[in-house]
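The block underneath contains the structure these notes are about, expressed in structure tokens.
The values are calculated or read from the model by the stated rules, or taken from the named source; none is laboratory data. Small disclaimer: the values here were computed from a predicted structure and weren't measured. In this analysis, Cβ positions are derived from the backbone assuming ideal geometry, glycine residues included, and neighbour counts consider all displayed protein chains.
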Amino acid sequence: ALSLAAACGSQKSGGEASTPDWKRATAYYYTGTKITAENAAQLGVAWEFNDFVVRGRTHRGVESTPIVVDGTMYFTGPWSVVYALDAKTGAQKWQYDPEVDGQFARRTCCDAVNRGVDVADGVVYVATLDGHLAAVDAASGKELWKVDTITDRTRSYAITGAPRVSGKTVVIGNGGAEMGVRGYASAYDRKTGKLVWRFFTVPGAGPDEHPEVAEARKTWSKASRWDLGGGGTVWDSIVYDPDSNIVYLGTGNGMPHPLWSRSPGGGDNLYLSSIVAVNADTGRKVWHYQTTPEDSWDYTATQNMVLADIEFGGKARKVIMQAPKNGFFYVLDRVTGELLSAEKFTTVTWAERVDLKSGRPVITEQSDYSKETKLVWPSEAGGHNWPPMAYSEKTGLVYIPVLQAPMTFQMYDQPYKPYSGIQGSIASFPAFGAFGKGGANSEEAFPGQPKPRFDAVLTAWNPKTGKIAWTSSELPFWSGGVMATASGLVMQGSADGYLTVYDGISGKVLHRINVGTGIMAAPMSYEIDGEQYVAVNAGFGGALNVAYPPGAVAAERENHERLIVFKIGGKAPELPPLREKIAFTDPPAKYRGDAEAVKRGGALYGAYCGRCHGGKDGMGGYPNLWKMAPETHDAFDAIVLEGVFVDAGMAGFADILSKADARDIHAFLAQPAPSQSAHSGLH
Ligand SMILES: O=C(O)c1cc(C(=O)O)c2c(n1)C(=O)C(=O)c1cc(C(=O)O)[nH]c1-2
Ligand SMILES: [Ca+2]
């Protein structure tokens with residue numbers, strides 16, 4: 001079976017796929033060596049694909065890493081559309097559009113994104129934003145089967161992750177912990193699409209479906225808010241090891257965020273923020289390791305997991321490595337689950353350290369925001385989010401796209417409401433003025449705490465010593481995924497629109513290419529007819545679509561989806577046009593309201609609109625509602641209640657908001673003077 005391995009080194013010259021190396025399936029490591037430190041400076045554009053299906057929709061983030069099999073490149077764009085291209089010329093062979101209803105954007109925390117396909121035995125597997133899993137013929141793009149993976153359509157599930165071929169099955173999870181869902185992963189027969197097993201990651205309101213749920217329930221309090229879903233979503237990383245026939249599931253944060261609101265009285269709350277190893281045929285648990293017991297900070301352990309066979313402590317070990325949001329780098333024996341190493345790869349204040357004997361973190365006072373606002377490192381965005389880290393067999397180092405920022409965490413007194421941005425806490429970036437209270441960014445603001453910052457670096461990590469080998473210079477906040485090659489190179493895109501080539505040992509920058517579009521996805525490489533190519537998807541969005549951080553090129557230039565392929569001797573990239581700046585205009589006076597209406601509207605905006613539309617001064621991928629044109633003001637109710645822009649991803653809210661609610665939100669937005677800044681955060 002060809003797997004993501006195809007993305008990272010199974011492609012031989014001549015377009016023949018060699019036996020895939022499953023160990024590299026999630027290592028983002030390419031075994032070819034034609035692009036080297038000596039010729040990297042001559043990398044330029046071979047071809048580009050920018051014909052993403054958009055229809056009436058707004059531009060969204062692109063998060064998938066392509067897979068190349070037998071000369072064809074497969075990848076996804078926003079709204080779960082699959083593209084198949086000739087990998088040499090870029091000519092499109094087919095596209096598969098699951099035609100997801102635009103209303104599903106309302107069900108996501110973080111944009112209508114998709115993290116790619118898996119390919120095996122002539123079949124392409126893709127999961128869709130509206131919760132389906134589809135098998136598509138790799139040659140024709142014709143749908144072979146499609147199943148609904150969602151157990152409860154009253155809840156706000158959406159799928160952004162890639163499925164994973166795991167032996168006879170294909171495994172998929174879903175997202176929505178911020179939106180009040182209960183996490184699980186499902187395995188389907190690859191041929192028929194029949195459900196083989198389902199693993200719930202947290203207990204539910206009903207009877208326990210399988211023994212692991214009963215075991216997990218003991219770690220939740222009796223008063224737990226099962227009605228709110230619990231979280232624990234498997235929204236990104238799923239890895240398969242054919243040697244042991246184990247599937248590794250990375251699970252997400254709790255819902256509501258604060259432990260004391262979710263499970264009053266405490267408890268570890270299994271299997272939140274865990275790596276769960278299950279048998280691929282039966283779905284029964286083999287072992288689990290919880291990275292963040294008592295999660296209150298959105299510390300998902302869904303980040304990509306690298307399988308490698310390395311020498312550790314003088315012994316040959318089959319390991320699994322992960323750098324989850326919580327800031328610790330974990331090395332575990334992937335057969336037994338034994339914890340081998342857990343060291344901080346970035347600034348961490350929620351825990352002092354991880355005790356290797358018990359495997360438990362030593363959680364600090366500083367992390368407890370139940371009574372007062374606290375500054376906690378890392379932020380809800382994590383020390384590392386979904387942009388994949390890479391492991392190089394050549395250098396023995398792991399290259400982590402690190403996010404460097406803390407957040408202030410405080411309690412939010414409103415009860416959870418479906419589809420709202422209310423998750424029991426408010427978290428803000430103090431060093432990012434648009435979100436912070438006055439943009440406080442000083443030592444004095446948080447005495448005794450590391451000074452807030454808001455940027456990113458590429459960190460080369462030695463998994464054997466648990467130490468940093470080198471760090472890159474600072475990059476704008478939010479990182480691009482990473483690829484390492486057997487010629488010792490490391491490549492990473494960034495929010496400022498550059499693709500950078502590093503020397504993997506020294507960290508020296510060998511080449512920087514300005515493509516003018518923010519890059520979040522990890523690059524991949526392949527060889528055809530003796531020539532090595534590097535492919536990367538560009539298009540900024542995801543969680544950061546709510547507000548572009550300082551330095552993001554998306555604030556400056558049109559942010560259209562692009563797949564860019566490079567080769568030695570290629571052309572200089574064409575930069576997208578500059579963005580038209582829209583000024584604030586005085587809204588029509590007839591939509592204003594009294595102080596009470598404005599206050600009420602502001603709270604509703606914070607709960608239902610701010611999740612995407614952000615704050616007054618912020619600029620992101622969604623329209624700034626303080627800058628609406630007069631015609632938009634006139635159509636406000638039709639948009640907000642009736643959903644006339646549903647194709648664009650703006651669903652109607654008539655099921656949640658009344659006419660009076662819409663009128664007050666409108667009044668809040670129609671104030672001529674600077675209005676109170678609405679709550680908006682990162683989820
Ligand atoms: O807990 C969840 O269910 C869930 C889902 C997703 C998602 O599906 O995209 C994200 C997150 N959480 C999350 O915490 C997060 O930081 C995040 C970033 C992104 C993105 O695509 O940029 N998605 C998500
Ligand atoms: Ca989350």
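Which count do you get for residues in the range 368-384 that are surrounded by fewer than 24 Cβ atoms within 10 Å (Cβ to Cβ), within 15 Å of D295 (Cβ to Cβ) and among the polar types (S, T, N, Q)?
Summing the residues that are surrounded by fewer than 24 Cβ atoms within 10 Å (Cβ to Cβ), within 15 Å of D295 (Cβ to Cβ) and among the polar types (S, T, N, Q) in the range 368-384 gives 1.
Just to be sure I understand the filter: pairs with C-beta atoms under 7 Å, separated by 6 or more residues or on different chains, first member in the range 350-362 and under 18 Å from K325 (Cβ atoms), second member loosely packed, with under 12 Cβ neighbours inside 10 Å. Which pairs pass?
From residues that are under 18 Å from K325 (Cβ atoms), the pairs are A351/V362; E352/V362; R353/V362.
Inspect all residues belonging to the range 217-230 and state whether any of them is in contact with a Lys or Arg (Cβ under 9 Å, 6 or more places away or on another chain), more than 23 Å from S296 (Cβ to Cβ) and more than 16 Å from ligand 1 (Cβ to nearest atom).
So far as the range 217-230 goes, no, none of its residues is in contact with a Lys or Arg (Cβ under 9 Å, 6 or more places away or on another chain), more than 23 Å from S296 (Cβ to Cβ) and more than 16 Å from ligand 1 (Cβ to nearest atom).
If you take the residues of the range 91-115 that are in a loop (DSSP other than H, G, I, E, B) and more than 12 Å from ligand 1 (Cβ to nearest atom), which of them is surrounded by the most Cβ atoms within 10 Å (Cβ to Cβ)?
Of the range 91-115, the ones in a loop (DSSP other than H, G, I, E, B) are 91, 97-101, 108-115.
Imposing the further condition that a residue be more than 12 Å from ligand 1 (Cβ to nearest atom) reduces the set to 91, 97-101.
Working: A91: 10, D97: 15, P98: 20, E99: 13, V100: 23, D101: 14.
Checked the range 91-115; the qualifying residue surrounded by the most Cβ atoms within 10 Å (Cβ to Cβ) is V100.
Quick check on this structure: which one of V239, V202 is closer than 27 Å to T336 by Cα, more than 16 Å from ligand 2 (Cβ to nearest atom) and either of a type in the set (A, V, I, L, M, F, W, C) or buried (at least 24 other Cβ atoms within 10 Å of the Cβ) (or both)?
Details: V202 fails: more than 16 Å from ligand 2 (Cβ to nearest atom).
It is V239.
Any idea which residue in the range 564-596 is farthest from F540 (Cα to Cα), counting only those that are small (G, A, S) and surrounded by 18 or more Cβ atoms within 10 Å (Cβ to Cβ)? Can you show your working first?
So in the range 564-596, the residues small (G, A, S) come out as 569-570, 572, 583, 589, 593, 595.
Applying the additional criterion that residues be surrounded by 18 or more Cβ atoms within 10 Å (Cβ to Cβ) yields 570, 593.
On the way: G570: 24, G593: 36 Å.
Looking at the filtered set, the residue picked out is G593.
Quick one: in the range 60-82, which of the residues that are in a loop (DSSP other than H, G, I, E, B) and surrounded by fewer than 24 Cβ atoms within 10 Å (Cβ to Cβ) is nearest to ligand 1 (Cβ to nearest atom)? So that I can check it myself, show each step before the final result.
The first filter runs over the range 60-82 and keeps only residues in a loop (DSSP other than H, G, I, E, B), leaving 60-66, 70-71, 77, 81.
If we keep only those that are surrounded by fewer than 24 Cβ atoms within 10 Å (Cβ to Cβ) too, we end up with 70-71, 81.
On the way: D70: 30, G71: 30, V81: 16 Å.
If we take residues in the range 60-82 being in a loop (DSSP other than H, G, I, E, B) and surrounded by fewer than 24 Cβ atoms within 10 Å (Cβ to Cβ), then V81 is nearest to ligand 1 (Cβ to nearest atom).
Please find, among Y369, Y391, the residue that is touching a residue at least 40 places away in the same chain (Cβ under 8 Å), away from ligand 2 (no atom under 16 Å from the Cβ), of a type outside the set (D, E) and more than 30 Å from G32 (Cβ to Cβ).
Step by step, each of Y369, Y391 is checked, and only Y369 is touching a residue at least 40 places away in the same chain (Cβ under 8 Å), away from ligand 2 (no atom under 16 Å from the Cβ), of a type outside the set (D, E) and more than 30 Å from G32 (Cβ to Cβ).
Is it the case that some residue within the range 570-577 is over 22 Å from the mean Cα position of the chain (by Cα) and under 30 Å from G396 (Cα atoms)?
Within the range 570-577 (the criterion being over 22 Å from the mean Cα position of the chain (by Cα) and under 30 Å from G396 (Cα atoms)), the answer is no, since none of the residues qualifies.
Can you pull out every residue in the range 169-187 that is more than 18 Å from R115 (Cβ to Cβ), modelled with pLDDT of 95 or more and either in contact with a Pro (Cβ under 8 Å, 6 or more places away or on another chain) or away from ligand 2 (no atom under 16 Å from the Cβ) (or both)?
Selection gives T169, A187.
Just for the range 450-479: of the residues that are without any contact (Cβ under 8 Å) to a residue 40 or more places away in the chain and out of contact with any strand residue (DSSP E or B) (no Cβ under 8 Å at 6 or more places or on another chain), which one is farthest from G313 (Cα to Cα)?
Only one residue tops the list, namely K451.
When the range 334-367 is examined, which residues are found to be touching a strand residue (DSSP E or B) at 6+ places or on another chain (Cβ under 7 Å), under 25 Å from S425 (Cα atoms) and either of a type in the set (D, E) or within 16 Å of ligand 1 (Cβ to nearest atom) (or both)?
Of everything in the range 334-367, those that are touching a strand residue (DSSP E or B) at 6+ places or on another chain (Cβ under 7 Å), under 25 Å from S425 (Cα atoms) and either of a type in the set (D, E) or within 16 Å of ligand 1 (Cβ to nearest atom) (or both) turn out to be T346, W350, E352.
Which one of N559, N537, N545 is farther than 17 Å from N385 by Cβ and either in contact with a helix residue (DSSP H, G or I) (Cβ under 8 Å, 6 or more places away or on another chain) or within 16 Å of ligand 1 (Cβ to nearest atom) (or both)? Write out each step before concluding.
Values: N537 fails: farther than 17 Å from N385 by Cβ; N545 fails: farther than 17 Å from N385 by Cβ.
Of the residues listed, the single one that is farther than 17 Å from N385 by Cβ and either in contact with a helix residue (DSSP H, G or I) (Cβ under 8 Å, 6 or more places away or on another chain) or within 16 Å of ligand 1 (Cβ to nearest atom) (or both) is N559.
Tally the residues that are within 16 Å of ligand 1 (Cβ to nearest atom), in a loop (DSSP other than H, G, I, E, B) and touching a Ser or Thr at 6+ places or on another chain (Cβ under 6 Å), restricting the search to the range 271-299. Walk me through how you get there before you give the answer.
Of the range 271-299, the ones within 16 Å of ligand 1 (Cβ to nearest atom) are 271-276, 290-292, 295-299.
Applying the additional criterion that residues be in a loop (DSSP other than H, G, I, E, B) yields 271-273, 291-292, 295-299.
Going one step further and asking which of them are touching a Ser or Thr at 6+ places or on another chain (Cβ under 6 Å), we end up with 271, 273, 291-292, 295, 299.
Selection size over the range 271-299: 6.
Filter the range 300-318 down to the residues that are assigned to a strand (DSSP E or B) and surrounded by 24 or more Cβ atoms within 10 Å (Cβ to Cβ), then identify the one that is farthest from ligand 1 (Cβ to nearest atom).
From the range 300-318, those assigned to a strand (DSSP E or B) are 305-312, 315-318; that's our starting set.
Filter once more, keeping what is surrounded by 24 or more Cβ atoms within 10 Å (Cβ to Cβ): 305-306.
Details: M305: 16, V306: 19 Å.
Taking the candidates together, the pick is V306.
Return the residue satisfying two criteria in turn: it lies in the range 368-381 and is out of contact with any strand residue (DSSP E or B) (no Cβ under 6 Å at 6 or more places or on another chain) and of a type outside the set (F, W, Y), and of such residues it is nearest to ligand 1 (Cβ to nearest atom).
In this case the residue turns out to be P378.
Taking the range 231-245 as the region of interest, how many residues are within 16 Å of ligand 1 (Cβ to nearest atom), over 15 Å from S186 (Cβ atoms) and part of a loop (DSSP other than H, G, I, E, B)?
Just the residues of the range 231-245 that are within 16 Å of ligand 1 (Cβ to nearest atom), to begin with: 231-238.
Next, from what is left, pick out any that are over 15 Å from S186 (Cβ atoms): 231, 236-237.
After this cut, where a residue has to be part of a loop (DSSP other than H, G, I, E, B) as well, the list is 236-237.
Of the residues in the range 231-245, 2 are within 16 Å of ligand 1 (Cβ to nearest atom), over 15 Å from S186 (Cβ atoms) and part of a loop (DSSP other than H, G, I, E, B).
Using the structure shown, decide if A543 is under 23 Å from G649 (Cα atoms), of a type in the set (G, A, S), within 16 Å of ligand 2 (Cβ to nearest atom) and at pLDDT 95 or above.
In short, yes.
With the structure loaded, tell me whether A670 is in contact with a Pro (Cβ under 6 Å, 6 or more places away or on another chain) and either touching a residue at least 60 places away in the same chain (Cβ under 8 Å) or farther than 22 Å from D130 by Cβ (or both) or whether it fails that test. Even if it seems obvious, please write down each step before you answer.
Numbers: in contact with a Pro (Cβ under 6 Å, 6 or more places away or on another chain): yes; either touching a residue at least 60 places away in the same chain (Cβ under 8 Å) or farther than 22 Å from D130 by Cβ (or both): yes.
Criteria met by A670.
Might you check whether a residue that is within 23 Å of I639 (Cα to Cα) and not acidic (D, E) occurs anywhere in the range 547-568? Step through it out loud before you land on a result.
Restricting attention to the range 547-568, the residues satisfying the condition of being within 23 Å of I639 (Cα to Cα) are 547.
Those still in the list that are not acidic (D, E) too: 547.
Within the range 547-568 (the criterion being within 23 Å of I639 (Cα to Cα) and not acidic (D, E)), the answer is yes, since at least one residue qualifies.
Among the residues in the range 139-155, are any more than 16 Å from G252 (Cβ to Cβ), buried (at least 22 other Cβ atoms within 10 Å of the Cβ) and more than 16 Å from ligand 1 (Cβ to nearest atom)?
no
With respect to L85, is the statement that it is of a type in the set (A, V, I, L, M), away from ligand 1 (no atom under 16 Å from the Cβ) and either closer than 22 Å to M520 by Cα or not in a loop (DSSP other than H, G, I, E, B) (or both) true? Please lay out each step first, then the result.
Values: of a type in the set (A, V, I, L, M): yes; away from ligand 1 (no atom under 16 Å from the Cβ): yes; either closer than 22 Å to M520 by Cα or not in a loop (DSSP other than H, G, I, E, B) (or both): yes.
Considered against the rule, which asks whether it is of a type in the set (A, V, I, L, M), away from ligand 1 (no atom under 16 Å from the Cβ) and either closer than 22 Å to M520 by Cα or not in a loop (DSSP other than H, G, I, E, B) (or both), L85 comes out as yes.
Please name all residue pairs, on different chains or six or more residues apart, with Cβ atoms under 6 Å, provided the first residue is in the range 289-310 and is under 15 Å from S237 (Cα atoms) and the second residue is among the aromatic types (F, W, Y) and within 16 Å of ligand 1 (Cβ to nearest atom).
Partner pairs satisfying both residue conditions: T302/W235.
Search the range 156-179 for residues being in a strand (DSSP E or B) and over 15 Å from V124 (Cα atoms), and hand back the single one that is farthest from ligand 1 (Cβ to nearest atom).
Start the filter on the range 156-179 by keeping residues that are in a strand (DSSP E or B), which leaves 158, 164-166, 169-172, 175.
Retained after the next criterion (residues that are over 15 Å from V124 (Cα atoms)): 158, 175.
Details: A158: 7, G175: 3 Å.
The selected residue is A158.
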